[in-house]
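Down below is the structure, laid out as structure tokens.
FYI, it's all coordinate maths here, none of it is from the lab. Source: prediction; values computed, not measured. All Cβ positions, glycine included, derive from the backbone under ideal geometry; neighbour counts span all protein chains shown.
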Amino acid sequence: MKIRQIEIFRAVMAGGSTTAGAVTLGLSQSAVSRQLTQLEEELGFELFERSNGRLLPRPEAFALMDEVGELASLVARLKRYTEDLRAGTVGQRFLKVAVPHSFIATVMPEVIETYLAERHDASVELIGGHYDAIEQMVLARVADLGFVSLPPRNKGFEAREIVRSESVCIMPAGHSLAERPNLTPRDLSGHHLIMLGRQRPARLAFERQLRRAGVFPIVRIEVHSVEATCGLVARGLGVAVVPELIAGLYRHLPIAQRPFSPCIHGAYGIVTLKGAPMSRSAEAFTEILKTRLEAQAST
């Protein structure tokens with residue numbers, strides 16, 4: 001699968017036809033059709049049904065579209081990074097930080113304000129994503145440092161723990177579970193669950209706990225950010241188990257939270273490339289973020 005094929009696939013899906021995709025990319029319609037055919041041959045299955053000169057996306061095309069979106073964004077960021085290198089704006093005073101979406105409008109404004117207040121000639125690029133995407137950004141040097149759940153999946157990082165978190169169960173305000181002071185896996189039986197972070201260690205630990213308790217979860221929604229989870233719970237769409245550290249950022253929503261045990265969450269921290277020491281700017285930023293999150297965890 002080539003990057004160009006992915007770009008063409010996305011353009012066709014967005015435009016609804018090979019003609020529209022060709023216009024978007026400045027290519028001929030025949031070139032676009034040829035690249036799509038080659039992509040399908042390499043994948044070993046058809047992405048589109050051809051009918052009377054029209055392309056009708058199959059379910060596989062929509063599934064693939066969900067995945068290639070992040071890859072395309074990563075490629076775009078890589079292109080911007082090379083432009084930054086050419087312009088000389090990449091260095092100790094230009095810091096690229098990747099954090100969960102949950103932090104973008106909550107934790108980071110205060111952290112960046114503090115950081116920049118002492119560094120009038122510094123600049124920051126803030127990038128949001130789920131933990132796996134953040135790891136990939138750091139590996140690709142799109143970000144200088146990333147905040148993730150520890151341990152990271154990839155072994156090519158230096159990891160520094162900066163905060164820990166207990167687990168809480170969140171539910172809509174007024175939910176029957178809110179009447180209990182503490183919750184366990186057995187208490188979740190019969191309730192609709194919103195599951196977070198497929199294949200992440202906390203998710204796997206949670207699923208093991210449910211099995212041990214003989215609970216067969218009713219799962220209608222899966223998400224990849226605590227921010228989205230809290231929003232869904234606030235709409236009455238289910239209950240979820242999330243890290244207390246991040247759930248605390250959304251106390252303004254109509255949700256309740258109760259301690260959940262055994263704890264399935266733990267350490268969170270900063271990852272950087274192994275063998276690439278942090279700059280003084282990155283060290284300072286990490287300390288400011290650590291102070292902010294420790295204060296959040298203690299409230």
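May I ask you to derive the relative contact order of the stretch 189-299, considering only C-alpha pairs under 8 Å and at least 6 residues apart, and to give it as an integer percent? List each step's numbers first, then the result.
Numbers: 94 pairs, mean separation 29.6, N = 111.
Relative contact order, the stretch 189-299: 27 percent.
What value in Å³ per residue do you get for the convex hull of the alpha-carbon atoms in the stretch 147-228? Before the final figure, lay out each step's value.
Numbers: hull volume 10.1 nm³, N = 82.
Enclosed volume per residue, from the Cα hull, is 123 Å³.
Can you work out the FRET efficiency for the pair Asn52 and Arg220, with r the C-beta to C-beta distance and R0 = 30 Å, to the nearest 0.05? Could you put the intermediate results ahead of the total?
On the way: r = 37 Å, r/R0 = 1.23.
Efficiency computed from Cβ-Cβ geometry: 0.20.
Under 25 Å Cα to Cα from Lys290, which lysines show up? Leave out anything in the same chain fewer than 8 places away.
Lys290 reaches Lys96, Lys155, Lys274.
Can you tell me what the convex hull of the Cα atoms of the chain projects to on average, as an area in nm²? Before the final figure, lay out the partial values.
Values: hull surface 75.9 nm².
That works out to 19.0 nm².
Looking at the stretch 159-245 only, what percent of DSSP beta bridges run antiparallel? Nearest 5 please. Don't skip to the end; give the middle numbers.
Working: 4 of 10 bridges.
Roughly 40 percent of the DSSP beta bridges within the stretch 159-245 come out antiparallel.
Calculate I(q)/I(0) for the stretch 217-299 by the Debye formula, one identical point scatterer on each C-alpha and no solvent, and give its log10 at q = 0.10, 0.15 Å⁻¹ to two decimals.
Once normalised to I(0) and log-transformed, intensities are -0.36, -0.71.
For the chain, what does -39500 (n - 2.57) per DSSP helix run (n ≥ 4), summed and divided by total residues, give at 222 nm, in deg cm²/dmol to the nearest 500?
On the way: 11 runs with 132 residues, N = 299.
Per the formula, -13500 deg cm²/dmol.
When only Cα pairs under 8 Å and 6 or more residues apart are kept, what is the percent relative contact order across the chain? Please report the intermediate quantities before stating the final value.
Values: 464 pairs, mean separation 59.8, N = 299.
For the chain, the relative contact order is 20 percent.
Counting only DSSP beta bridges with both residues in the chain, what percent are antiparallel, rounded to the nearest 5?
Just about 60 percent of them are antiparallel.
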